[in-house]
Amino acid sequence: MSKIDREQIVTTALELIVADGESAVAMRPLAARLGVTPMALYRHFTDRDALLLALVEKVSEEIAIPAPGETPRDTAAALALCLHDFLVTHPWMIRLISTGRLASPAGLQFPEGFLTCARDAGLDDTAGFVFYRMMFATVLGQATMTSARGQREGTGTLPTEPAVGALPLVASLSDRWPELDAAATPTTVFAAAAALLPAS
């Protein structure tokens with residue numbers, strides 16, 4: 001039986017999660033792929049969550065937090081776009097970090113950044129936390145949409161009449177829906193969300 005180190009385990013587990021998603025990372029199949037017993041993995045990781053956290057920490061090394069913008073709104077929008085682009089590159093991370101269980105020191109720079117923006121804009125702790133949570137939820141939703149759209153071509157479309165007939169505003173925009181959908185880029189979405197901060 002060959003000996004393995006922590007880096008070998010992380011590298012192989014990362015290959016699995018990239019190829020087949022989080023569900024593919026289980027101790028027994030991973031051990032079989034590495035040619036060792038499951039117990040060999042537990043010498044390095046106490047449980048599956050510890051291994052998943054190691055994967056999160058590994059890919060989080062590539063995060064480059066943007067420099068502060070001219071205003072808290074600018075900074076918050078840039079942070080959101082940075083997190084979005086990171087999640088789109090690693091879509092398996094979206095569900096993992098949405099659980100709140102697995103947070104790396106690098107990843108915690110995002111809540112720190114959003115909370116700082118809120119404080120600099122004059123919000124108290126409660127309102128600032130709500131702002132951070134709103135930005136985080138917006139990023140997760142947009143990253144999910146971006147990842148899904150990366151697997152197909154085109155922009156969003158609407159059902160034909162009469163499905164939207166009883167919805168006057170939707171119906172009035174139906175002809176322009178693809179155009180409007182294309183214009184609602186992550187950058188514009190995050191700028192709109194960040195604009196909820198008081199002007200500084």
Practice problem: Return only the number of the condition from (1) touching a residue at least 24 places away in the same chain (Cβ under 8 Å); (2) surrounded by fewer than 19 Cβ atoms within 10 Å (Cβ to Cβ); (3) under 14 Å from Ala76 (Cα atoms) that Phe114 does not satisfy. | Solution: (2)
Quiz item: Scanning for something exposed (fewer than 14 other Cβ atoms within 10 Å of the Cβ), in a helix (DSSP H, G or I) and of a type in the set (Asp, Glu), does region 59-76 turn up at least one residue?
Solution: no
Quiz item: Cβ-Cβ below 8 Å, separation at least six or inter-chain, first residue in region 8-33 and assigned by TED's automatic domain parsing to the domain that holds Ala50, second assigned to a helix (DSSP H, G or I) and of a type in the set (Phe, Trp, Tyr): which pairs?
Solution: Ile17/Trp92; Val18/Trp92; Gly21/Trp92; Glu22/Trp92; Met27/Tyr42
Quiz item: Any idea which of Asp120, Asp74, Asp85, Asp124 is over 18 Å from Val25 (Cβ atoms) and under 15 Å from the mean Cα position of the chain (by Cα)?
Solution: Asp85
Quiz item: Listed residues Thr46, Thr126; which is among the β-branched types (Val, Ile, Thr), surrounded by fewer than 13 Cβ atoms within 10 Å (Cβ to Cβ) and assigned to a loop (DSSP other than H, G, I, E, B)?
Solution: Thr46
Practice problem: Would you tally the residues in region 12-33 being in a helix (DSSP H, G or I), of a type outside the set (D, E, K, R) and closer than 21 Å to Ile97 by Cα? | Solution: 10
Exercise. Among the residues of region 168-194, write down those that are among the polar types (S, T, N, Q), closer than 14 Å to Leu81 by Cβ and free of Cβ contacts under 8 Å to residues at least 60 places away in the same chain.
Key: Thr185, Thr188
Quiz prompt | Residue satisfying condition, being of a type in the set (A, V, I, L, M), out of contact with any helix residue (DSSP H, G or I) (no Cβ under 7 Å at 6 or more places or on another chain), assigned by TED's automatic domain parsing to the domain that holds Tyr132 and under 22 Å from Phe190 (Cβ atoms), within set Leu108, Leu87, Leu81, Leu115 | solution = Leu108
Self-check item: Single residue of Val25, Val36, Val56 found to be closer than 24 Å to Thr138 by Cβ and surrounded by 16 or more Cβ atoms within 10 Å (Cβ to Cβ)
Solution: Val56
Practice problem: Count, please, the residues in region 163-194 that happen to be surrounded by 11 or more Cβ atoms within 10 Å (Cβ to Cβ) and of a type in the set (Lys, Arg). | Solution: 0
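The values are calculated or read from the model by the stated rules, or taken from the named source; none is laboratory data. Please read all numbers here as calculations on a predicted model, not as lab measurements. A quick note on method: Cβ atoms are made from the backbone with ideal geometry, for glycine too, and the neighbour counts reach across all protein chains shown.
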